[in-house]
Amino acid sequence: MDYSELVHAIKNGDQRKADKLIAEAIPILKKYLISNLGATPENADDSVQRMFEYLIPKIRNGEITSPSGLLSYMLTGTRHSYYKTYRNFYTENMEDLCEEIADPTEQSQKLINHEFELVLKTCLGKLKYHYRDLIQFLFDHPDADSEDLAEYFNISLGNAWARKHRALQKLSECVNKILNKK
């Protein structure tokens, strides 16, 4: 579809043609949100509607200067409108979530995990950069084996195995040292 016709119809006040072209564009924009962003049909409807409420005045005021890029503009506008709807929904419900009673054992486990995370970050910072990079790779790829390390770091298989065990040993020693001081 040539969306430049939509721009000309809106600018010239041809409501019938503008409505027809908008009606043709709506299912395309809705399908985009539903298939690419997982929007519900209702949220997709709302997002497309808000995008047109924003777009039409911009066209009337002459702010849209490239009718050929209108499809891209509409897709971006509907995506932003959907994200705004999604964000506002969760922000409005945040108060309800904060009022829920938390399980005390869950709270203590979160504190323990947070403390351990801080210890781990401290120890990672103390490692030499090549050990730190290797450990970070292992965090990012928990199923990686020595062959994966050798390939990624462009080192021999034996070197990868030795470096992995040295890095883990140094990290473990540091963590134990800090935790045993407490």
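The values are calculated or read from the model by the stated rules, or taken from the named source; none is laboratory data. The structure displayed is predicted, hence computed values, not measured ones. All Cβ positions, even for glycine, are placed from backbone atoms using ideal geometry, and neighbour counts span all protein chains on display.
What to note about this one:
- Restricting attention to the range 58-77 and to residues that are modelled with pLDDT under 80 and surrounded by 17 or more Cβ atoms within 10 Å (Cβ to Cβ), the residue that is farthest from Val7 (Cα to Cα) turns out to be Ile64.
- Of everything in the range 146-182 that is outside any helix (DSSP H, G or I) and surrounded by fewer than 14 Cβ atoms within 10 Å (Cβ to Cβ), the residue that is modelled with the lowest pLDDT is Lys182.
- Residues located in the range 1-23, provided they are among the aliphatic types (A, V, I, L, M), more than 19 Å from Asp45 (Cβ to Cβ) and surrounded by fewer than 18 Cβ atoms within 10 Å (Cβ to Cβ): Met1
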